[in-house]
Structure formats: C-alpha cells, structure tokens
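Colleague: Provided herewith is a single structure, encoded as structure tokens, for subsequent inquiry.
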C-alpha cells in the first residue's frame with residue numbers, strides 16, 4: 001500500500017552496501033575500495049511494529065506481511081545508491097547517476113563511517129583521523145547545490161512573471177522542482193518559514209540558499225546511520241554526530257548481517273531489531289562463531305541495545321516520512337477478509353490520510369462508491385473524512401461491495 005522509497009546514501013566505503021545487505025539479505029558487492037556500488041540495488045526490507053493482534057485477543061493470519069511473536073514485519077522498498085563524493089552536483093564521480101536516483105527517494109538513510117577511517121572520497125586513512133561531520137556537511141551541500149542549479153535555470157524569467165503573485169510563484173517553483181519530488185505544500189511551507197513569499201526579483205543569493213536549505217530538509221529528509229560503532233575510534237565521533245542537526249543512530253551493519261545469517265542457519269534465535277540473541281538448543285557453534293557472537297554482544301548489543309539497522313529503517317518511515325499502520329478488513333466483527341483471514345493486511349499510509357483516501361488506495365471502485373466505514377474495535381460508524389490513526393482496524397462499506 002505504501003508507494004514510497006528510502007535510499008541508502010553516503011560516500012564510498014562508508015558501509016552503504018553492508019547496511020543494504022544487512023537490511024535485505026541481498027547479495028551485493030561489499031569491498032574496501034571506492035565505488036563498489038556502480039548501479040543502484042533495489043531490495044525489500046521490513047518495518048517492525050507491534051501488531052494489534054495481542055491487544056485485540058485474536059490470532060491473526062497475515063497476507064501482505066508477517067507476524068512473529070506479536071510483531072508485524074511490513075515489507076518496504078530500499079535502494080542502495082552509488083557512492084557520493086564532493087563535486088557530485090557537477091557530475092564528478094558517479095554524481096549524475098546518484099542524483100538521478102535521488103529524485104525517486106522520499107527519504108534517505110545517510111550511512112556515515114563513524115570510525116573516521118575513510119577520507120572524503122572513501123579511501124582508507126588512519127582510524128579516527130577523519131571527522132565524519134564533514135561527510136554529513138558535504139552530502140547536504142551537494143544536494144542543495146543540485147536543487148539550486150535547477151532553481152536558477154531561467155530564474156530571471158520566473159521572478160519577473162511571479163513578482164507580484166505568491167500563488168504564481170508557488171506554481172512556477174512547483175513546476176520547476178516537480179522532477180525532484182518536491183511537493184507544492186513543501187514549497188508553500190518553506191516560503192512562509194523563510195519569509196520569502198513575495199518579490200523573488202529582489203531575493204539575494206542568501207535568500208535563495210535559505211529557501212533551498214528548507215526545501216532539501218522537507219522534501220528529502222535524512223537520518224544518519226553512524227556505522228562501525230564497534231570500532232574504538234567511533235565513540236568520540238558518535239558524540240560529535242549526535243550534536244548535528246539530524247537524527248543520528250549508532251549502527252553496526254556487519255553485526256546485523258552476522259546475526260541474520262546465524263538465525264537463517266538456525267544457530268541463534270534473533271529477530272531484526274532485537275536487543276539480544278539466544279543460541280538455539282542443540283545448535284553447534286564453532287569456536288570462531290562463538291567468539292564472533294560474543295564480540296557482537298560486548299561491542300554492539302550491550303552498549304547500544306541493538307545493531308541499529310532495524311531502528312534506522314523504522315525511523316526513516318515512521319518519523320521522517322510520518323507513516324502510520326492501519327489494518328483494513330472486510331468483516332468488522334470478525335476482523336477478517338472475504339476468505340476468513342484475520343487481520344490479513346497491514347497498510348502503511350501517511351499521517352493525515354482519511355478513510356476515503358484509504359478506500360481509493362485499496363481500489364478505485366471501492367473509493368468511488370464509498371458509503372461509510374466501521375471501526376472494528378467498537379463498531380462505531382466512520383465517515384469518508386475520518387482521519388486514520390495508527391493501529392486503526394477499519395472496514396469500508398461501499399456500494400460496489402454490496403452488489
């Protein structure tokens with residue numbers, strides 16, 4: 001139901017492909033040299049959220065997602081983008097290819113080498129010698145330069161045509177930036193926030209940069225995955241990154257891969273996002289496997305309470321993109337679909353979505369013949385304009401279904 005995409009971004013050799021592989025278990029190239037990722041890789045990962053089944057006292061039978069021990073895992077799309085180096089907005093490195101893919105991303109997880117062991121271009125340097133805050137700064141600057149270039153093309157013509165009309169200015173900017181996924185509401189909000197709602201012909205370069213900065217934050221929200229936190233030089237850098245104006249999450253992508261692979265082989269009991277793991281009864285671990293798992297426990301799980309990978313995915317969708325989970329059913333009393341599956345689907349929609357909009361997303365005919373909805377928890381009748389809440393279980397009654 002959700003048609004949004006989160007991109008994994010960052011400079012070469014910061015651990016982007018490792019993060020992507022740990023989240024999706026896709027086999028992608030992982031190596032210690034720049035530009036390992038040449039073409040974007042797409043994969044499916046899962047959001048993790050507490051399912052409503054236990055609170056409602058029912059045993060569910062999911063179709064579009066998984067429920068494991070009362071936790072719903074909802075599939076979402078991730079894309080591993082080519083590594084970005086300074087000058088990407090001018091086409092340097094794989095900049096043009098990177099920026100073309102960024103157009104499609106609704107939010108981004110910026111994987112940063114928190115250990116400071118790679119330079120701005122992703123080449124190995126002495127551990128702790130590079131300040132990862134510079135990586136955060138350069139990504140933001142490259143994105144803003146890219147938006148600025150698009151905005152400045154034919155700017156004089158745009159400014160003259162819209163100088164006396166805020167409405168025309170919004171329309172022109174929306175038309176100019178539509179290819180980047182910038183919404184009209186984001187333009188209106190940014191103009192108001194920066195007090196730039198009129199007289200674009202009088203804007204200074206600083207005015208333009210302020211607008212672009214605001215648009216970048218609203219249209220391409222980013223969180224920082226501070227990767228390689230198992231290395232000793234990461235701790236002081238993690239504290240520096242936490243003071244950046246961006247949500248920062250400590251991550252060890254290699255630990256997540258190891259735990260997921262061990263769980264796949266039946267060696268340990270582990271679900272993505274867990275704070276610990278348990279060796280499975282009867283599993284035989286080699287001394288090397290035991291040592292590796294104990295190192296993960298000591299350096300990652302105990303100090304940080306997770307590998308951080310699942311938390312990054314959850315925060316990207318739930319916090320950056322303001323998504324909520326709703327459970328549409330056909331039979332409100334039994335909470336089932338037409339085949340008798342209990343709580344069959346968990347759908348992601350943005351906060352503010354109405355019941356009528358949900359009906360249209362499920363099926364055009366369902367939305368167009370909407371009659372009313374039912375809250376499956378209490379049987380209350382809901383109108384088309386009802387604003388959905390997280391964990392709502394709703395049934396949509398339509399003329400099409402009654403025929």
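Colleague: Does segment 319-339 contain any residue that is within 28 Å of the chain's Cα centre (by Cα), at pLDDT 95 or above and closer than 22 Å to residue 229 by Cβ?
Modeller: Yes, that holds for at least one residue.
Colleague: Any residue that is touching a strand residue (DSSP E or B) at 6+ places or on another chain (Cβ under 7 Å) and either under 22 Å from residue 211 (Cα atoms) or touching a residue at least 24 places away in the same chain (Cβ under 8 Å) (or both) - is there at least one of those in segment 139-148?
Modeller: Checked against the condition, which is being touching a strand residue (DSSP E or B) at 6+ places or on another chain (Cβ under 7 Å) and either under 22 Å from residue 211 (Cα atoms) or touching a residue at least 24 places away in the same chain (Cβ under 8 Å) (or both), segment 139-148 yields at least one hit.
Colleague: Further question on the same structure: Any residue in segment 272-297 that is free of Cβ contacts under 8 Å to residues at least 60 places away in the same chain and at negative phi sitting within a Cβ distance under 7 Å of a residue that is loosely packed, with under 11 Cβ neighbours inside 10 Å and assigned to a loop (DSSP other than H, G, I, E, B)? List the pairs, counting only those 6 or more apart or interchain.
Modeller: 280/266; 283/266
Colleague: Would it be correct to say that residue 314 is assigned to a loop (DSSP other than H, G, I, E, B) and touching a strand residue (DSSP E or B) at 6+ places or on another chain (Cβ under 9 Å)? Full working, then the answer.
Modeller: Numbers: assigned to a loop (DSSP other than H, G, I, E, B): no; touching a strand residue (DSSP E or B) at 6+ places or on another chain (Cβ under 9 Å): yes.
So residue 314 does not fit the description; no.
Colleague: Pick out the one residue from 173, 191, 196 that is on the phi < 0 side of the Ramachandran plot, assigned to a loop (DSSP other than H, G, I, E, B) and crowded, with 16+ Cβ neighbours inside 10 Å. Lay out the reasoning, then the answer.
Modeller: Details: 173 fails: assigned to a loop (DSSP other than H, G, I, E, B); 191 fails: assigned to a loop (DSSP other than H, G, I, E, B).
After ruling out the rest, the residue left standing is 196.
Colleague: Criterion first (part of a helix (DSSP H, G or I), at pLDDT 95 or above, surrounded by fewer than 19 Cβ atoms within 10 Å (Cβ to Cβ) and assigned by TED's automatic domain parsing to the domain that holds residue 248) does residue 160 satisfy it?
Modeller: So residue 160 does not fit the description; no.
Colleague: Yes or no: segment 252-270 includes at least one residue that is surrounded by 18 or more Cβ atoms within 10 Å (Cβ to Cβ), more than 17 Å from residue 310 (Cβ to Cβ) and more than 21 Å from the chain's Cα centre (by Cα).
Modeller: yes
Colleague: Evaluate the following for residue 220: is it touching a residue at least 40 places away in the same chain (Cβ under 8 Å) and on the phi > 0 side of the Ramachandran plot? Show your work before the answer.
Modeller: On the way: touching a residue at least 40 places away in the same chain (Cβ under 8 Å): yes; on the phi > 0 side of the Ramachandran plot: no.
Spelling it out, it is not the case that residue 220 is touching a residue at least 40 places away in the same chain (Cβ under 8 Å) and on the phi > 0 side of the Ramachandran plot.
Colleague: When you scan segment 378-403, how many residues do you find that are in contact with a strand residue (DSSP E or B) (Cβ under 7 Å, 6 or more places away or on another chain), assigned to a loop (DSSP other than H, G, I, E, B) and at pLDDT below 95?
Modeller: Here the count works out to 0.
Colleague: Next up: Select, from 360, 374, 388, the only residue that is on the phi < 0 side of the Ramachandran plot, under 29 Å from the mean Cα position of the chain (by Cα) and crowded, with 18+ Cβ neighbours inside 10 Å.
Modeller: Unique residue meeting the criteria: 388.
Colleague: Now for a different question. What are the residues in segment 277-290 that are surrounded by 11 or more Cβ atoms within 10 Å (Cβ to Cβ) and over 20 Å from residue 25 (Cβ atoms), if any?
Modeller: 279, 285, 290
Colleague: Right, something else. Count, please, the residues in segment 199-234 that happen to be more than 30 Å from residue 255 (Cβ to Cβ), buried (at least 17 other Cβ atoms within 10 Å of the Cβ) and under 23 Å from the mean Cα position of the chain (by Cα).
Modeller: Here the count works out to 7.
Colleague: Let me ask something else. Assess whether residue 244 counts as being touching a strand residue (DSSP E or B) at 6+ places or on another chain (Cβ under 8 Å), under 24 Å from residue 320 (Cα atoms) and either at pLDDT 95 or above or assigned to a helix (DSSP H, G or I) (or both). Steps first, answer last, please.
Modeller: On the way: touching a strand residue (DSSP E or B) at 6+ places or on another chain (Cβ under 8 Å): yes; under 24 Å from residue 320 (Cα atoms): yes; either at pLDDT 95 or above or assigned to a helix (DSSP H, G or I) (or both): no.
Considered against the rule, which asks whether it is touching a strand residue (DSSP E or B) at 6+ places or on another chain (Cβ under 8 Å), under 24 Å from residue 320 (Cα atoms) and either at pLDDT 95 or above or assigned to a helix (DSSP H, G or I) (or both), residue 244 comes out as no.
Colleague: Of the residues that sit in segment 68-84 and are in contact (Cβ under 8 Å) with a residue 24 or more places away in the chain and more than 18 Å from the chain's Cα centre (by Cα), which one is surrounded by the most Cβ atoms within 10 Å (Cβ to Cβ)?
Modeller: Only one residue fits best here, namely 84.
Colleague: Then there's this: Scan segment 304-340 for residues that are over 16 Å from residue 373 (Cα atoms) and surrounded by fewer than 17 Cβ atoms within 10 Å (Cβ to Cβ) and jot them down. Step through it out loud before you land on a result.
Modeller: Of the residues in segment 304-340, the ones over 16 Å from residue 373 (Cα atoms) are 304-325, 338-340.
Passing the criteria: 305, 319, 322, 338, 339, 340.
The values are calculated or read from the model by the stated rules, or taken from the named source; none is laboratory data. The structure displayed is predicted, hence computed values, not measured ones. With ideal geometry, Cβ positions are generated from the backbone for all residues, glycine too; neighbour counts draw on all protein chains shown.
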